Amino acid sequence: MDFELSEDQRAFADTARQFAQTELAPHAAEWDRDAVFPRDAIRRAGELGFCGLYAPESAGGLALPRLDATLVFEELAAVDPSTTAFITIHNMATWMLGTWATDAVRAEWGEALTSGEKLASYCLTEPGAGSDAASLKTRAELVGNEYIINGSKAFISGAGATDVLVLMARSGDAQSGASGISAFAVPAQAQGVSYGKKEEKMGWNSQPTRVINFDNVRIPAHNLLGREGEGFKIAMKGLDGGRINIATCSVGAAQGALTQAQQYMQERKQFGKPIASFQALQFKLADMATELVAARQMVRLAASKLDAGARDASTYCAMAKRFATDAGFNVCNDALQLHGGYGYLNDFPLERLMRDARVHQILEGTNEIMRVIIARRMLDGDAPEVIR
Ligand SMILES: Cc1cc2nc3c(=O)[nH]c(=O)nc-3n(C[C@H](O)[C@H](O)[C@H](O)COP(=O)(O)OP(=O)(O)OC[C@H]3O[C@@H](n4cnc5c(N)ncnc54)[C@H](O)[C@@H]3O)c2cc1C
């Protein structure tokens, strides 16, 4: 077991750190304040391969291990968790399309997506189907050589700014549950696709979130990903990696906040000395660093399980997502506290990092649902997983 990064891995992280410093850091506060989607910066991220980090080579991706992808995402998220989180969702949807699309669809979208020229959204949640995603109602009916899609998706990241929608819809009958769901690649501007207003949010302001409506949208039958009825499985496989990515965005945000706090404590003086000299605050800093390192190691463990195709990988992805997004939010919040009133001002990045990190506890499966997944697998009657 080697906990050190290889030379290549350090090089990925260095490249990402430089990109974050030059392309994201100078603008992140403005993108947050004005709710600007940084399309050009994402395109430049694509030029470095960051839009197809683990997508298959057959789709123009780098096919990197998930663990290596986390090194890139962590560096980007340390300065801009919101934009980074969108890039991770794009990577997830691109990997799904690259892995399960027909050759024709992969040829049409693969390289455009992995290069960042085109962008993808992941469309699972509906107004009435959130945590219970398998109860989704959006219909996809096969008529001749086409699927006709009707229904609505809610909370879709990037919606209105993306080019292709990786959509989960019901192709089986209404009672078919998870096994009646199929996955599709739907052009975002297809006739009958319409978008709701841009949601106003607490954080994640550099990426739009919208409802998407599908009204008799016709797509070629070959836009099916995988086989009919495999859509929920594909969606969950996407989310295993997605959860590592979102957990990584929390680790990155926490690292950004911790670094700021560490520096600020040594500069800020009260009672005639740096606030870093107060042991109560030293202990706080020590706890923040400890939680952060534990979160990072857990995310890397889950990523390496996924890379190895381990049977318990999904459980570890859920554990890493639960732990790292809670720890990440707490570290950001504590770093804000260590800044006193200045932490509450948007002159400093702390309040933005905290607002952005908050939603990581909610999406890609809430942290309550992560506990449901972990406990279910540990208590599974046929083959309970033993965690050691
Ligand atoms: C900014 C943002 C971006 C998003 N982007 C996307 C996207 O790109 N694509 C996409 O498909 N979705 C996206 N989502 C949706 C997100 O995944 C859902 O909001 C999330 O899964 C929760 O669903 P819900 O909001 O309907 O909450 P609900 O499912 O209604 O849950 C409400 C509360 O009940 C709890 N709860 C529910 N069931 C249980 C249970 N069995 N046991 C214990 N507690 C339970 C939940 O944890 C939560 O606290 C996004 C959400 C947000 C806020």
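The values are calculated or read from the model by the stated rules, or taken from the named source; none is laboratory data. In this text the structure is predicted, and so the values were computed from the model without any measurement. Using ideal geometry, Cβ is built from the backbone for each residue, glycine included, and neighbour counts are taken over all protein chains shown. Remember, those area values only see protein heavy atoms, side chains included, never the ligands or the DNA or RNA. Shrake-Rupley method; radii C 1.70, N 1.55, O 1.52, S 1.80 Å.
Among (1) within 16 Å of the ligand (Cβ to nearest atom); (2) closer than 15 Å to I244 by Cα; (3) without any contact (Cβ under 8 Å) to a residue 24 or more places away in the chain, where does R322 come up short?
Condition not satisfied by R322: (3).
Conditions tested, residue by residue: (1) crowded, with 24+ Cβ neighbours inside 10 Å; (2) assigned by TED's automatic domain parsing to the domain that holds S304; (3) within 16 Å of the ligand (Cβ to nearest atom).
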| position | (1), (2), (3) |
| --- | --- |
| A35 | no, no, yes |
| E47 | no, no, no |
| A55 | yes, no, no |
| A77 | yes, no, yes |
| V105 | no, no, no |
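Evaluate the following for K137: is it at negative phi, open to solvent by less than 30 Å² (accessible area, probe 1.4 Å) and basic (K, R)?
Details: at negative phi: yes; open to solvent by less than 30 Å² (accessible area, probe 1.4 Å): no; basic (K, R): yes.
So K137 does not fit the description; no.
From the list D287, D307, D240, which residue is within 20 Å of Q9 (Cβ to Cβ) and modelled with pLDDT of 95 or more? Before you say what the answer is, go through the steps one by one.
On the way: D287 fails: within 20 Å of Q9 (Cβ to Cβ); D240 fails: within 20 Å of Q9 (Cβ to Cβ).
Every option except D307 fails the conditions.
Taking A85 as meeting all but one of (1) in contact with a His (Cβ under 8 Å, 6 or more places away or on another chain); (2) over 21 Å from C317 (Cα atoms), write down the number of the exception.
(2)
Just to check your reading of the model, which residue among Q21, Q9 is open to solvent by 70 Å² or more (accessible area, probe 1.4 Å), in contact (Cβ under 8 Å) with a residue 24 or more places away in the chain and of a type outside the set (V, I, T)?
Values: Q9 fails: open to solvent by 70 Å² or more (accessible area, probe 1.4 Å).
Just a single option satisfies the conditions, and that option is Q21.
Could you list all residues from the range 188-230 that are over 16 Å from F37 (Cβ atoms), open to solvent by 40 Å² or more (accessible area, probe 1.4 Å) and more than 13 Å from the ligand (Cβ to nearest atom)?
Q189, Q191, S194, N213, D215, N216, R218, P220, H222, R227, E228, E230
Determine whether A303 is in contact with a Pro (Cβ under 8 Å, 6 or more places away or on another chain), buried (at least 23 other Cβ atoms within 10 Å of the Cβ) and more than 25 Å from A28 (Cα to Cα).
Values: in contact with a Pro (Cβ under 8 Å, 6 or more places away or on another chain): yes; buried (at least 23 other Cβ atoms within 10 Å of the Cβ): yes; more than 25 Å from A28 (Cα to Cα): yes.
Spelling it out, A303 is indeed in contact with a Pro (Cβ under 8 Å, 6 or more places away or on another chain), buried (at least 23 other Cβ atoms within 10 Å of the Cβ) and more than 25 Å from A28 (Cα to Cα).
Filter the range 116-172 down to residues that are free of Cβ contacts under 8 Å to residues at least 12 places away in the same chain and assigned to a strand (DSSP E or B) and give me whichever is nearest to the ligand (Cβ to nearest atom).
A129
When residues of the range 326-350 are filtered for being open to solvent by 40 Å² or more (accessible area, probe 1.4 Å) and touching a Gly at 6+ places or on another chain (Cβ under 8 Å), how many remain?
Total satisfying the criteria: 1.
Which fully enclosed helices (runs of 4 or more DSSP H) of the range 27-100 have 3 or more residues being in contact with a Phe, Trp or Tyr (Cβ under 9 Å, 6 or more places away or on another chain)? Spell out the reasoning first.
Numbers: elements: 28-34, 39-47, 66-77, 81-100.
Of the helices (runs of 4 or more DSSP H) lying wholly inside the range 27-100, those with at least 3 residues that are in contact with a Phe, Trp or Tyr (Cβ under 9 Å, 6 or more places away or on another chain) span 39-47, 66-77, 81-100.
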